[in-house]
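We did not get these values from a lab; they are worked out from the coordinates using the rules stated. None of these values were measured; they are calculated from a predicted model. Cβ coordinates were reconstructed from backbone atoms using ideal geometry, including for glycine residues, and neighbour counts include every protein chain displayed.
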């Protein structure tokens, strides 16, 4: 199964059979073409490898390597990437004034940072090898955007909105992680297809709404404000949570297949992009609900 995130799907360390991250390992004597990190011939390299490890069911697993992707490595790289986002956001919050005299300039800086962050996200998504410098640069610009926007929303729309959005994002992350690890979320091919269809459809609809807003003024078709804004905000958060489950599966598959250590940065990037999505939608939802009071 491929990921909804292109930074994972082009690496191809998902497996097409099984579900919930507990897929069957490649069987002895079976083709190993599904594992892009397998060494040796097209036959399963673990069938004749005297150093191959096996799981509790006797199924061969990838041999331990010192340069392989690990969960500790993913956690460390993700902490570095999210830490950069948080530090850049805090710096932008305190350095960039958002009073009435400078509100236009603040919006300009935020939009510029968002555009640069978007371009860097595309570059990172389609690079053949992950670049830590580019990933951290993306995180820095994304942090500047989030810091300014969060400051504006907290000052003029909903005091305390940023902290509420942070807590909401953390709650979604923890909830999805627990549900994934306990098997309540089963990442099957059907689940993947549904999430992909929902994400693509949502993004296309938001693009149409944006075009109507640009050329017609106001909020376009009204999908991002009022009652409809609340509904679509909740839908966006649910889609983000589902993509987060796909991210967890890609991390698990990468570790199981013995992906190279550099892929830890790719996993950190994918998780950061998804968490930024969820935070932005949380912030928008808090702002809408506060405006309806």
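Side notes on the structure shown:
- Both radii were evaluated on the Cα set of segment 213-279; the Rg over Rh quotient, with Rh as the Kirkwood radius, amounts to 1.21.
- With distances taken between every two different alpha-carbon atoms, segment 151-240 has a Kirkwood hydrodynamic radius of 15.4 Å.
- Considered as an equivalent ellipsoid built on the Cα gyration tensor, segment 140-195 has semi-axes of 32, 14, 10 Å, the largest given first.
- Within segment 71-291, the proportion of Cα pairs with more than 24 Å between them is 46 percent.
- Shape of segment 67-130, Cα gyration tensor, a/c cut at 1.5: oblate
- In terms of its alpha-carbon gyration tensor, segment 95-184 comes out oblate; a/c meets the 1.5 threshold, while b/c is at least as large as a/b.
- Kirkwood hydrodynamic radius of segment 162-293, from inverse mean 1/r over distinct Cα pairs, in Å: 16.1 Å
- When each of 262, 142 is scored by the number of other beta-carbon atoms lying within 10 Å, the sequence from fewest to most is 262, 142.
- Neighbour-count order for 78, 137, fewest beta carbons within 10 angstrom listed first: 137, 78
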